[in-house]
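Structure record follows, encoded as structure tokens.
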Amino acid sequence: MHVRWSVLHFLGLLSFLCLGSLHAQLDWSTEQVTWHYSKPNFGSNGYTVVSTGGDTLIRDRLCHVLEKRYEEYSFITNRITRGEFEPEYLNRVEAKIYRYEPLRDRFEILWDFGAGEGEAWTISNAYDNHSITRTILDTFYMTMGDVQLDAFAAIDSSWIFGISPEVDTFVRGVGPLRGYLRPWSYFESWVDGWGEGYSLLCFESESLKFQQHQDCTPLPSPLQWASPESVWTYTTTDETGSRVSKLNTRIEADSNGGLQITVYQSYLGERNGELVEVPPIPVFAFDYGDPTSYRLPNEDQTYRLYDFGASAGEQWTVKIPNAANGFAKEMLCEVLGTGRTQLAGFDARTWIIRYSTSRNEETISYIDTVAEGVGNLHGFLLPWVTLQELDSVRSHILRCFQNEEIFSNRPGIEDCEALILSASTDASPSWTCYPNPTAESITIEGLPEKRVRYELISIGGVLKQGTLETPSISLESVPPGLFLLQLYEYAGGPLGARRIVRL
């Protein structure tokens, strides 16, 4: 344990000590202060925010109220949970910080910045009837910002758990630099996978601010790929009519006795003037532990579908074991660029990907945007389906995506499963645009001799809109991705839309 403390002490001194600083005291009780703590639990991850919320009198002592709220994302239920914990009441008497224990109606020492090496005290947790022994290993000054603050290193131990004690550094006006406000929360996380907080991420007051982690609110995205509640809805239009396809996931047993996520497809469509309804049928499956690999029904061989860690310029090959009609049995995926978008208020990473294959030795390709947790935003979920239907399909558009936590629909789509009949679909617009893909601007040709307004749309909403004063639209403020450019008569109806790729 002595070796462990020496390493931590040395790292702490390297990080914070600075000769020549003025020795002073930071009294957070007189300032507005916020702490951010990590909150890792079994099956979830999130953060806890503790902030000063005024003063109150308890047993004739002036206590500072610490309010506590949290957000955490569950990997099991694919949900974000938000809530509050019971507040803390801390009382300062000179160098001692007391914590009020409401169940026992008494104050106990939480931190003592006047204690010396070897001194110890007990901190109880009335909820679980166990206690923590805090023993001081050393006292020193620590420089934070422009001032030197009283600090001590201590070891927290508890006989009830039988696990390694925890060593931390405590700074006056800040608290523990490594652990959480409640010392037993660390032990609770070890024992039963639950705790209010774990380690300090960020601290901010009116006179001092520092971060020990690049993200003060590290909440995993709820855009978990192919979660059990994922539902995709598509519109497909070809020369015979249109249809709305619905894909949803189910957890099922695989052929080896494990679990898999099976994707079922159903659709309601119009074909040559007649309505056709196809009940749900399995189209492919994901391994439950590795949902970026897929396999076809009744097959054990898996194939790579997405790479959510790829960078611009990277390539990989997707196998197409059931390719027919002259199509090659593999498809090249090339990342042209990366970016970010907002889906239902959540930040999602995106990749611009060129899909290429060959048919009768002739290369064919198309470009689409892939979003984290969703997949292809414009083409079909299985990208080779779009490649195989390039000759006959006029549009393959993702209308809506939802899982247990989020719902995202394309602008203008109110009913995700409403059938759009071919009689009401627009023909290809008379105007064209170039260059496409583009890195800077897009130029439009074939515009009517009247005022025209435009909207640049992503699945997250309208990114840019305005009136066309010139035939050119600047895309410098638009992030990389695949978008829909929709033109309208200035005071009238739509003039059609075209896909735009921003590199």
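The values are calculated or read from the model by the stated rules, or taken from the named source; none is laboratory data. Model, not experiment: these values are computed from the prediction. Using ideal geometry, Cβ is built from the backbone for each residue, glycine included, and neighbour counts are taken over all protein chains shown.
Tell me which residues, restricted to segment 64-86, are under 26 Å from R134 (Cβ atoms) and surrounded by 18 or more Cβ atoms within 10 Å (Cβ to Cβ). Passing the criteria: H64, L66, K68, Y70. The one condition from (1) modelled with pLDDT under 75; (2) touching a strand residue (DSSP E or B) at 6+ places or on another chain (Cβ under 8 Å); (3) not basic (K, R) that D391 does not meet is (2).
Evaluate the following for Y294: is it touching a helix residue (DSSP H, G or I) at 6+ places or on another chain (Cβ under 7 Å) and either free of Cβ contacts under 8 Å to residues at least 60 places away in the same chain or part of a strand (DSSP E or B) (or both)? Before you say what the answer is, go through the steps one by one.
Numbers: touching a helix residue (DSSP H, G or I) at 6+ places or on another chain (Cβ under 7 Å): no; either free of Cβ contacts under 8 Å to residues at least 60 places away in the same chain or part of a strand (DSSP E or B) (or both): yes.
Here the answer is no, as Y294 does not meet what is asked.
Across segment 297-335, the number of residues qualifying as hydrophobic (A, V, I, L, M, F, W, C), in contact with a strand residue (DSSP E or B) (Cβ under 9 Å, 6 or more places away or on another chain) and over 15 Å from L381 (Cα atoms) comes to 8.
Please tell me if F140 is within 20 Å of I97 (Cα to Cα), modelled with pLDDT of 85 or more, of a type in the set (F, W, Y) and touching a Phe, Trp or Tyr at 6+ places or on another chain (Cβ under 6 Å). Judged against the criteria, F140 is not a match. Annotation: E405 fulfils all but one of (1) part of a strand (DSSP E or B); (2) modelled with pLDDT under 75; (3) crowded, with 18+ Cβ neighbours inside 10 Å; the unmet one is (1). Quick one: would you say L387 is surrounded by 14 or more Cβ atoms within 10 Å (Cβ to Cβ), among the hydrophobic types (A, V, I, L, M, F, W, C) and under 28 Å from the mean Cα position of the chain (by Cα)? When the stated conditions are applied, L387 does not pass them.
Kindly evaluate R134 against the criterion of being in contact with a Lys or Arg (Cβ under 9 Å, 6 or more places away or on another chain), modelled with pLDDT of 90 or more and basic (K, R). No.
Conditions (1) in a strand (DSSP E or B); (2) under 22 Å from L201 (Cα atoms); (3) not assigned by TED's automatic domain parsing to the domain that holds L62, marked per residue:
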residue	(1), (2), (3)
Y89	yes, yes, no
Y100	yes, no, no
L103	no, no, no
G116	no, no, no
L137	yes, no, no
D150	yes, yes, no
A153	yes, yes, no
W159	no, no, no
F170	yes, yes, no
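Tell me the strands (runs of 3 or more DSSP E) entirely within segment 411-503 that contain at least 2 residues that are among the hydrophobic types (A, V, I, L, M, F, W, C) and at pLDDT 80 or above. Explain how you work it out, then say what you get.
On the way: elements: 432-434, 441-445, 452-458, 461-467, 472-474, 481-489, 494-502.
Correct list: 441-445, 452-458, 481-489, 494-502.
Of the strands (runs of 3 or more DSSP E) lying entirely inside segment 330-388, those containing at least 3 residues that are charged (D, E, K, R) and either at pLDDT 85 or above or assigned by TED's automatic domain parsing to the domain that holds F407 (or both) are 330-343, 346-359. Six or more apart or on different chains, Cβ atoms under 6 Å: show the pairs whose first residue is in segment 79-96 and over 17 Å from R69 (Cβ atoms) and in contact (Cβ under 8 Å) with a residue 24 or more places away in the chain and whose second is aliphatic (A, V, I, L, M) and assigned to a strand (DSSP E or B). From segment 79-96, the pairs are L90/I97.
Count, please, the residues in segment 466-490 that happen to be among the small types (G, A, S) and either without any contact (Cβ under 8 Å) to a residue 24 or more places away in the chain or touching a Pro at 6+ places or on another chain (Cβ under 8 Å) (or both). I'd like the intermediate steps shown before the answer.
Narrowing segment 466-490 to residues among the small types (G, A, S): 466, 472, 474, 477, 481.
Then keep just the ones that are either without any contact (Cβ under 8 Å) to a residue 24 or more places away in the chain or touching a Pro at 6+ places or on another chain (Cβ under 8 Å) (or both); that gives 466, 477.
Selection size over segment 466-490: 2.
Filtering segment 172-199 down to residues that are hydroxyl-bearing (S, T, Y) and either assigned to a helix (DSSP H, G or I) or touching an Asp or Glu at 6+ places or on another chain (Cβ under 8 Å) (or both), which residue is modelled with the highest pLDDT? Among those residues, the one meeting the criterion is Y180.
Across segment 257-270, the qualifying residues are those that are modelled with pLDDT of 75 or more and over 32 Å from the mean Cα position of the chain (by Cα), and the one among them that is surrounded by the fewest Cβ atoms within 10 Å (Cβ to Cβ) is L268.
Among the residues of segment 294-332, those identified as within 17 Å of D254 (Cβ to Cβ) and surrounded by fewer than 15 Cβ atoms within 10 Å (Cβ to Cβ) are P297, N298, E299, D300, Q301.
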